[in-house]
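This report refers to the structure that appears directly beneath it.
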Amino acid sequence: MPDLEALKAEIKKLNARATQAKMDLHDLSEELPTNWERIPEVAQVAHQAYAALLAARAQLAAAQAA
């Protein structure tokens, strides 16, 4: 069984990364059309950050249900 406190700490870190990625994407959108070439790169970082966050949350939920 995974350590719940470690999972919670990891989720906190992942949440911070996801929030920063969201803000980076938002900032980029406000600067458009400047740096439009960076859209795929910044969006991919945000996508990966949220995918990791949701996976960790699912892992925590499963661990708590067990």
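Readers should treat all values here as calculations from the given coordinates under stated rules, not as data from a laboratory. These figures come from a predicted structure and were not determined experimentally. Please note: Cβ atoms are built from the backbone with ideal geometry, for glycine as well, and neighbour counts cover all protein chains shown.
Has segment 37-48 got at least one residue that is of a type in the set (Val, Ile, Thr), touching a residue at least 12 places away in the same chain (Cβ under 8 Å) and over 28 Å from residue 5 (Cβ atoms)?
Checked segment 37-48: at least one residue is of a type in the set (Val, Ile, Thr), touching a residue at least 12 places away in the same chain (Cβ under 8 Å) and over 28 Å from residue 5 (Cβ atoms).
When residues of segment 50-66 are filtered for being within 12 Å of residue 17 (Cβ to Cβ) and in contact with a Leu (Cβ under 7 Å, 6 or more places away or on another chain), how many remain?
Within segment 50-66, the subset within 12 Å of residue 17 (Cβ to Cβ) is 50-53, 56.
Going one step further and asking which of them are in contact with a Leu (Cβ under 7 Å, 6 or more places away or on another chain), we end up with 52-53, 56.
Of the residues in segment 50-66, 3 are within 12 Å of residue 17 (Cβ to Cβ) and in contact with a Leu (Cβ under 7 Å, 6 or more places away or on another chain).
Surrounded by 11 or more Cβ atoms within 10 Å (Cβ to Cβ), more than 10 Å from the chain's Cα centre (by Cα) and part of a loop (DSSP other than H, G, I, E, B) - does that describe any residue in segment 3-16?
No.
Search segment 16-27 for residues that are farther than 10 Å from residue 53 by Cβ and pair each with any residue that is loosely packed, with under 12 Cβ neighbours inside 10 Å and of a type in the set (S, T, N, Q) when their beta-carbon atoms are under 8 Å apart and the residues are at least 6 apart or on different chains.
So the pair list comes out empty.
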